[in-house]
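Take a look at the structure below.
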Amino acid sequence: MDPETGGLYVPETIPELDPSFLSKNPSPSFRDIAFEISRKFIGDEIPEDELMAIIADAYPFTAPVAPIDPTTYVLELFHGPTCAFKDFGARFMARMMSHFNRGERDALHILVATSGDTGSAVGSAFQGVPGIDVTILYPTGKISPLQEKQLSTFEGNVRSLSVEGTFDDCQALVKKAFTDASLRGKLRLSSANSINISRLLPQSFYYVYGSLLVMDRCPYDSKIDCPSLIVTVPSGNFGNLTSGLIARKMGAPIRGFIAATNANATVPDWLATGEYRPRPSVATLSNAMDVGAPSNYERMASMYSLAEARKLLAGYWLDDKGTMDAIRSCNDRTGYIIDPHGAVAWKAWDAARAGELSAMLAGKKTAAGTPGFRGSAKTAPEWAKDCAERKCVGLLLETAHPAKFGETVRAAIGREPSIPERLERVLSLPDRSMPMSNDYGEFRDWLLKNL
Ligand SMILES: *Cc1c(COP(=O)(O)O)cnc(C)c1O
């Protein structure tokens, strides 16, 4: 494995989990699943006891499953240090990179440009990890105050630069550093983007964990015989959904997925029309999904043909008004407080079981530009009908803690979610980020002087 990339770009074959492992009763723990999966992918390269130690160190938290109504479960992915699902990938990747960097004389320097969540997950994941340091670039004044707090309060081997410019400017500075041969002659540089397999793989752990747990307990919660499990994934770059596809190939009992987006509906449009048209992103309430050209599209398309993808995936999109309504309706009907990203998933699942997806099979057309399922009888997956006939249960991925979007939640339901201790704590830490102009020469000088 290569410490510069953290491993393989695309796994050539996806190993299957042993049926005896998948059918264990009670279903296996999160750590056992993490161990079993990583062993299959990287088993020969890391001794088993070390791999188990890496997993234990990466995951002092798990992904609890919360039943919110008789056929709906929420997979809570916000119990990590930064309260968003990216902790799962970033923490595993950080420890893999550290492992493969052992024995190097010089530190590995990670540069990461962020528009919010990725930076804090990566920074937090590498905090205190030996042999590696991290520099985060974020655009001044263009991220939320809480996000800025999360980025500007790191210490030690993680630091942040507040760049006078946009996210694209930050990314351009980082890209330029990577292609600067003379700089690379002096510093070992690396990136930490979402195309990295050691970030994608650990995300498959919670799909296997959550799906087994739901299949285990749903006979007690609802009276459905052998229900099909539909997983709804609120998506931006589609790294999370790609991990779900990998988990399914490994044997997770998942019948289908709903690819749920905000107004950045590139993938739902692709499923509906068969044409992939990346576009500039638009700003929404679920801002971690504001992606017009998803970086994992190629990877999904390399795993499945369009026809196969349409059998497996339904595409759904929702605008901001619908998102506010969804936060409200989820709370009114179930008592659960959901964040704006999870709310998109809730609405999509609720529409599927109410028959909106199967209506497409019956020839109902959705107008382009109208929120809802996208496609036609030809493109709707066959499980759409089962959902309408109440033969499915739904697992929603809740990708962030609602307190990270407290104002939006309050505007929707009239009160703010209580804020977890680990989030509250950063609010009282001193800001340590350093100002940086949008000038490559200055950035380069800073790197040479400070790293
Ligand atoms: C990053 C993120 C997403 C989107 O995940 P992708 O893997 O990019 O599809 C959704 N919700 C939250 C809260 C995120 O931080």
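Structure summary
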{"read-out": "Hey, Gln150 within 13 Å of the ligand (Cβ to nearest atom), under 30 Å from Tyr440 (Cβ atoms) and under 21 Å from the mean Cα position of the chain (by Cα) or not", "value": "yes"}
{"read-out": "Options Pro402, Pro381, Pro420: the member that is within 24 Å of Cys218 (Cα to Cα), under 24 Å from the mean Cα position of the chain (by Cα), modelled with pLDDT of 95 or more and not hydrophobic (A, V, I, L, M, F, W, C)", "value": "Pro381"}
{"read-out": "In region 333-344, residue nearest to the chain's Cα centre (by Cα) [restricted to those that are assigned to a loop (DSSP other than H, G, I, E, B) and more than 11 Å from the ligand (Cβ to nearest atom)]", "value": "Ile338"}
{"read-out": "Positions within region 112-141 being assigned to a strand (DSSP E or B) and either of a type in the set (D, E, K, R) or within 16 Å of the ligand (Cβ to nearest atom) (or both), in sequence order", "value": "Val112, Ala113, Asp133, Ile136, Tyr138"}
{"read-out": "Filter result for the condition that a residue is more than 9 Å from the ligand (Cβ to nearest atom) and within 13 Å of the chain's Cα centre (by Cα), over Ala260, Ala283, Ala247", "value": "Ala260"}
{"read-out": "Test: Tyr209 is more than 16 Å from the ligand (Cβ to nearest atom), touching a strand residue (DSSP E or B) at 6+ places or on another chain (Cβ under 9 Å) and aromatic (Phe, Trp, Tyr)", "value": "yes"}
{"read-out": "Subset of region 288-331 that is more than 16 Å from the ligand (Cβ to nearest atom) and polar (S, T, N, Q) - its residue that is nearest to Gln147 (Cα to Cα)", "value": "Asn331"}
{"read-out": "Odd one out for Tyr9, checked against (1) modelled with pLDDT under 95; (2) away from the ligand (no atom under 16 Å from the Cβ); (3) closer than 30 Å to Trp346 by Cβ", "value": "(3)"}
{"read-out": "Helices (runs of 4 or more DSSP H) within region 364-451 that include 1 or more residues acidic (Asp, Glu), without any contact (Cβ under 8 Å) to a residue 12 or more places away in the chain and exposed (fewer than 14 other Cβ atoms within 10 Å of the Cβ)", "value": "406-413, 421-427, 440-450"}
{"read-out": "Number of the condition not met by Ala301 [criteria: (1) over 20 Å from Ala263 (Cα atoms); (2) at pLDDT 95 or above; (3) of a type outside the set (D, E, K, R)]", "value": "(2)"}
{"read-out": "Complete set of residues in region 394-405 that are within 14 Å of the ligand (Cβ to nearest atom) and not basic (Lys, Arg)", "value": "Leu396, Leu397, Glu398, Thr399, Ala400, His401, Pro402, Ala403, Phe405"}
{"read-out": "Entirely in region 158-255, the helices (runs of 4 or more DSSP H) that have 2 or more residues that are in contact (Cβ under 8 Å) with a residue 24 or more places away in the chain, crowded, with 19+ Cβ neighbours inside 10 Å and among the hydroxyl-bearing types (Ser, Thr, Tyr)", "value": "197-221, 239-250"}
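Residue-by-condition table, conditions (1) under 23 Å from Ser190 (Cα atoms); (2) within 16 Å of the ligand (Cβ to nearest atom); (3) of a type outside the set (Gly, Ala, Ser):
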{"residue": "Arg31", "(1), (2), (3)": "no, no, yes"}
{"residue": "Glu36", "(1), (2), (3)": "no, no, yes"}
{"residue": "Asp44", "(1), (2), (3)": "no, no, yes"}
{"residue": "Asp49", "(1), (2), (3)": "no, no, yes"}
{"residue": "Met52", "(1), (2), (3)": "no, no, yes"}
{"residue": "Ala58", "(1), (2), (3)": "yes, no, no"}
{"residue": "Phe78", "(1), (2), (3)": "no, yes, yes"}
{"residue": "Ala94", "(1), (2), (3)": "yes, no, no"}
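Listed here are the residues, each with its yes/no results for (1) closer than 30 Å to Ser23 by Cα; (2) modelled with pLDDT of 95 or more; (3) within 18 Å of the chain's Cα centre (by Cα).
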{"position": "Ser228", "(1), (2), (3)": "yes, yes, no"}
{"position": "Val231", "(1), (2), (3)": "yes, yes, yes"}
{"position": "Ser235", "(1), (2), (3)": "yes, yes, yes"}
{"position": "Gly239", "(1), (2), (3)": "yes, no, yes"}
{"position": "Gly251", "(1), (2), (3)": "yes, yes, no"}
{"position": "Thr266", "(1), (2), (3)": "no, yes, yes"}
{"position": "Leu271", "(1), (2), (3)": "no, yes, no"}
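The values are calculated or read from the model by the stated rules, or taken from the named source; none is laboratory data. Small disclaimer: the values here were computed from a predicted structure and weren't measured. Every residue, glycine as well, gets a Cβ built from its backbone with ideal geometry; the counts of neighbours run over all protein chains shown.
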